[in-house]
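Peer 1: Dropping the structure in here first, questions after.
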Amino acid sequence: MKSVPDKDILLFRSCLVSVEYPGVEASTKFVFDKLGIDYAISEKQTCCTGLGHYSDVFDQIDTTAIGARNFRIAREIGRPNLVMMCATCYAINKKSVKLLNKKDDLREHINKLFDDNGLSHLKYEKDDLKPTENIFHVVDILYGKKDEIKDHIKYDLSGYTIATHHGCHYCKVHYEDTIGGVRDPNILDELIEECGCKTIGWYDHKRATCGTGFRQRYSNPELSFTATADKMNAIADEDVDIMVHLCPNCHIQFDRYQHLIGEREGRNFRAIHLNIAQFIALAMGGDFDKVIGVKAHTVPIDSVIKELKEVEQ
Amino acid sequence: MQKITDSPIDFAEDIIHDVKNSKEEGVLKCVQCGMCTSTCPAARHSDYNPRDIIERVLEGDITILEDDCIWNCFYCYTCHSVCPVGNSVCEVNQILKQFAIKNGIGYEKLYEYMGFADSYFTAAIGAIPEIFFADIDRDVPGWWDFRQHLDEIRNELELDPPLMPPKDVIDEVSTILTITGFKKKIENIREAQEGEK
């Protein structure tokens, strides 16, 4: 497995996490603190452009120039390891680092724009960052510390039926760097196992998209919701209680639209939706309101988790 | 017989030389096996056909830029992750759309998403465009009420720093998006679309 850092980390803020599921950020910090991971958040870091990029509004040069600025900030504060809570931020930033290192014309063009417009301090030199050694998703960092997770588990969640959804922009975009499988993704299942729980493992459509499809959800909702229904029907067939994922885009698609898709399909979908950081934070004793941020969820967490049972020592 | 020096290859060459392309000459290696189409969610549920897109690109059929179907791609990268010869229809699709936009095609598809550009200049964040709020409010019970209480929820979670970056950061980001030509492009799209109304 690739080497995963536990220090000098810039925890990269995500727009969707910030405004839709802020508990993902609080839970990530809670779990990182428990595991002794050295990280910081910077107010100077800005959005990766991902949602606009994949809606075709931002072209590659716009996204990569914004990336170069964020990479400079990470290096400036001595935190060259960018760790993303959102799969889209992860894929976007990793691609920008690859392009800046490999495509001399692009790097020189962006640097010249910076030079000519009073932004020389933002220039990116070849190999300032490395795509595999500096660009991570939160799940990579958790995986690097997975043997220590069980030392901090307070609650026993093993009585629930749990399924995982892995997020295309973590697994499939930079597949050479993905931990735990691409066509048969399992990193989330392995992390959940460290919490003393067993997932259902493979299910029909496990590796398929959540159905968001960026512009599809808003401009082409029929197509988007039909794809999501594949997944929701599959997890309902398995009578899943808790669906665990790693990306706020997927989180919105499942949690916000479960009711609507249930009406369309004529089925009562009842799973609750948690990010892996929220799931682990919950198992480690994180408070529903102060850490997990359950008030941001559309499907109420307490519709499934009614009481918490402490693990037997 | 088609030769590599034939003009239809120019279209594929333009894609290969696009800055977004990370697969080198992958598009030329396509053997039309259809693995992409067999795993594609858009192909499963619509007329979108990634195998056919590459066939048309290799035939030099630039009318594909005007074909509505290219806008059905989910950008899920499933095709990209399974292609046996290392091509990426997902990336090719993104490049085709940027070619279309550079040729003045598809402005109406982008117009709804101008909010992503605006929120970058005003707040350096990529929030969901307000134009969609009414749809979300209709489809997601309680969402609007939740968003009204976002600050309280964030306070309870003790999140720091605040949502909005400082002004000097927003200014710097606005400058970057002006010098890359992004701002001008957005103005052109807006002018063209609002001029039509």
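Peer 1: I'd like the full set of residues that are modelled with pLDDT of 95 or more, under 21 Å from A:Asp287 (Cα atoms) and surrounded by fewer than 16 Cβ atoms within 10 Å (Cβ to Cβ), limited to segment B:153-184.
Peer 2: B:Asn155, B:Glu158
Peer 1: Can you list the helices (runs of 4 or more DSSP H) lying wholly within segment B:69-113 that have 3 or more residues being under 23 Å from B:Glu191 (Cα atoms) and more than 7 Å from every other protein chain (Cβ to nearest Cβ)?
Peer 2: On the way: elements: B:78-82, B:89-102, B:107-111.
Ranges flagged: B:89-102, B:107-111.
Here is a yes/no grid of residues against (1) outside any strand (DSSP E or B); (2) surrounded by fewer than 24 Cβ atoms within 10 Å (Cβ to Cβ):
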site: A:Leu16; (1), (2): yes, no
site: A:Ala26; (1), (2): yes, no
site: A:Lys29; (1), (2): yes, yes
site: A:Cys48; (1), (2): yes, no
site: A:Gly67; (1), (2): yes, no
site: A:Arg75; (1), (2): yes, yes
site: A:Val83; (1), (2): no, no
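Peer 1: To continue, here is another question. Please specify each residue of segment A:257-313 satisfying the condition of being under 20 Å from A:Leu16 (Cβ atoms), among the hydroxyl-bearing types (Ser, Thr, Tyr) and assigned to a helix (DSSP H, G or I).
Peer 2: Listed by number, the list holds a single entry, A:Tyr257.
Peer 1: Another question, if that's okay. Here are the criteria: (1) within 12 Å of chain B (Cβ to nearest Cβ); (2) in a loop (DSSP other than H, G, I, E, B). Tell me which single one A:Asp204 does not satisfy.
Peer 2: (1)
Peer 1: What is the one condition in (1) farther than 23 Å from B:Ile136 by Cβ; (2) in contact with a Ser or Thr (Cβ under 8 Å, 6 or more places away or on another chain); (3) crowded, with 16+ Cβ neighbours inside 10 Å that A:Ile305 does not satisfy?
Peer 2: Going through (1) farther than 23 Å from B:Ile136 by Cβ; (2) in contact with a Ser or Thr (Cβ under 8 Å, 6 or more places away or on another chain); (3) crowded, with 16+ Cβ neighbours inside 10 Å one by one, A:Ile305 breaks only (2).
Peer 1: Take residues that are over 17 Å from the mean Cα position of the chain (by Cα) and tell me which of the helices (runs of 4 or more DSSP H) falling wholly in segment A:140-194 contain 1 or more.
Peer 2: Those helices (runs of 4 or more DSSP H) span A:146-149, A:187-193.
Peer 1: Among (1) touching a Cys at 6+ places or on another chain (Cβ under 9 Å); (2) within 10 Å of chain A (Cβ to nearest Cβ); (3) buried (at least 23 other Cβ atoms within 10 Å of the Cβ), which single condition is B:Ile54 missing?
Peer 2: Unmet for B:Ile54, out of (1) touching a Cys at 6+ places or on another chain (Cβ under 9 Å); (2) within 10 Å of chain A (Cβ to nearest Cβ); (3) buried (at least 23 other Cβ atoms within 10 Å of the Cβ): (2).
Peer 1: If you don't mind, there's one more thing I want to ask. When the residues of segment A:115-128 are narrowed to those that are within 31 Å of the chain's Cα centre (by Cα) and either at pLDDT below 95 or in a helix (DSSP H, G or I) (or both), which ends up nearest to the other protein chains (Cβ to nearest Cβ)?
Peer 2: Checked segment A:115-128; the qualifying residue nearest to the other protein chains (Cβ to nearest Cβ) is A:Leu122.
Peer 1: Could you please let me know if B:Phe133 is part of a helix (DSSP H, G or I) and facing another protein chain (nearest Cβ under 7 Å)?
Peer 2: No; evaluated as a whole, the condition is false for this residue.
Peer 1: Tally up the residues in segment B:24-38 that are within 13 Å of chain A (Cβ to nearest Cβ), modelled with pLDDT of 95 or more and surrounded by fewer than 20 Cβ atoms within 10 Å (Cβ to Cβ), please.
Peer 2: 2
The values are calculated or read from the model by the stated rules, or taken from the named source; none is laboratory data. This one's a predicted model, so the numbers in the text were calculated from it and none came from an experiment. FYI the Cβ positions are ideal-geometry reconstructions off the backbone, even for glycines, and counts take in every protein chain you see.
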